[in-house]
Amino acid sequence: MPTPDVLPGTALPLAPSTEVAEVAGPSRPSSPPSPCVRLCTLDEQDVCVGCGRTIADITSWSKMPDADKAACVARARERLLALGRPLPPYPPPAVLPRR
């Protein structure tokens, strides 16, 4: 069986992605997406009128465990309802590129 021509200290070519997936095991479910709908405006209580999250929720989102993220979205929906604001789609549609 011929061996690949590889210099010492260099990497071998990667296996096709299907083989890598089998070795790596099943993929983990992704984290809940941010409820941000790019209508970022805070009211007098520091609540975003676009998604309903508080400034504290927004700044800590990336560090929240998934269960806390789900609870945050539920609270945000309740805030928007209490404010009489329309509920944005959850999860939001495809994110538009920032300018």
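Is it true that L87 is out of contact with any Lys or Arg (no Cβ under 7 Å at 6 or more places or on another chain) and either among the aliphatic types (A, V, I, L, M) or surrounded by 12 or more Cβ atoms within 10 Å (Cβ to Cβ) (or both)? So L87 fails the test. Under the condition of being crowded, with 20+ Cβ neighbours inside 10 Å and under 10 Å from A76 (Cα atoms), the residues counted in the stretch 51-64 number 4.
Any read-out appearing in this document is the output of simple, stated calculations on the displayed coordinates, not a laboratory observation. In this text, all values refer to a predicted model and were calculated from it rather than measured experimentally. Please note: Cβ atoms are built from the backbone with ideal geometry, for glycine as well, and neighbour counts cover all protein chains shown.
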